[in-house]
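The next block holds one structure in the form of structure tokens; read it before the comments.
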Amino acid sequence: MKHLIAANWKMNPQTMAEAKRLFNSVKEGIKNIKNVEIVICPPFVYLSSFKFQVPGFRLGAQDCFWENPPTGEGAFTGEISPAMLRNLAVKYAIIGHSERRKYQKETDEMVNKKIKTALKNDLKPVLCIENVSQVKRGLEGISKEGLKNMVIAYEPVFAIGTGKPCSPEKAEKVRKAIKSATNADIPILYGGSVNSQNAGSYIEKAGFQGLLVGGASLNPEEFIKIVKNVSRA
Ligand code: PGA
């Protein structure tokens, strides 16, 4: 199975020109890498300009809403439906990121609804969790078929944006616990202060199928190194 590296740009950069520059630098640096799927997750407002078909790259959103017309009829100010994302060639959607759980007060119930609607609309949800009970609640009622299109990202909050990554040993334990809780072959990513020094260890030592990279994905040189290290792992 291919490794998967998702770049979570969060609320960056501040202009379209910078976003294009960032993507182009990454693209230039990562040619001919065949064993890694790279998912670029820019803010919603840049997605339409990235409606790309670049080999090896996919587009991801950082969230999506749990209603999708005709059921929701569109009266949800400020929200973005999975169908809108699919129409922009978006393939993945990060759902339940800890920053959304914290600042937008997203609950496991909301996360579960978002996953269900995303799956119905052919988006692959990347469910972010920090413990096994969030996995169980997030995946409640999702069919075996649905689980085949899921990705899970283990993101311990203490490691996010702090420069204090989780040790590969501890991360591996949680990865195994997630695997036995889901009883399905779902790719599991690690996220939290990933950099070019530690990226390979989460794949080689801890057995993750990929990475969710925040801060380091905004630095093209660093991100390119991460991808190359994972490709060699
Ligand atoms: P970080 O963020 O790599 O900056 O720690 C990861 C994330 O929030 O997905």
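When residue 28 is tested against (1) out of contact with any strand residue (DSSP E or B) (no Cβ under 6 Å at 6 or more places or on another chain); (2) in contact (Cβ under 8 Å) with a residue 60 or more places away in the chain, just one condition goes unmet, and that condition is (2).
The sole residue among 42, 55, 69 that is within 19 Å of the chain's Cα centre (by Cα), more than 16 Å from the ligand (Cβ to nearest atom) and without any contact (Cβ under 8 Å) to a residue 40 or more places away in the chain is 55. The residues in the stretch 16-75 that are among the charged types (D, E, K, R) and within 30 Å of residue 112 (Cα to Cα) can be counted, and the count is 6.
Scanning the stretch 75-119 for residues that are among the aliphatic types (A, V, I, L, M), within 13 Å of the ligand (Cβ to nearest atom) and in contact with a helix residue (DSSP H, G or I) (Cβ under 7 Å, 6 or more places away or on another chain) gives a single hit, 95.
Counting only strands (runs of 3 or more DSSP E) that sit completely within the stretch 120-233, those holding 1 or more residues that are surrounded by 15 or more Cβ atoms within 10 Å (Cβ to Cβ), more than 13 Å from the ligand (Cβ to nearest atom) and of a type outside the set (A, V, I, L, M) correspond to 124-129.
Within the stretch 170-194, residues that are modelled with pLDDT of 95 or more have Cβ atoms under 8 Å from residues that are acidic (Asp, Glu) and assigned to a loop (DSSP other than H, G, I, E, B) in these pairs: 190/155; 191/155; 192/155, counting only partners at least 6 apart in sequence or on another chain.
The values are calculated or read from the model by the stated rules, or taken from the named source; none is laboratory data. Quantities reported herein were computed from a predicted structural model and do not represent experimental measurements. With ideal geometry, Cβ positions are generated from the backbone for all residues, glycine too; neighbour counts draw on all protein chains shown.
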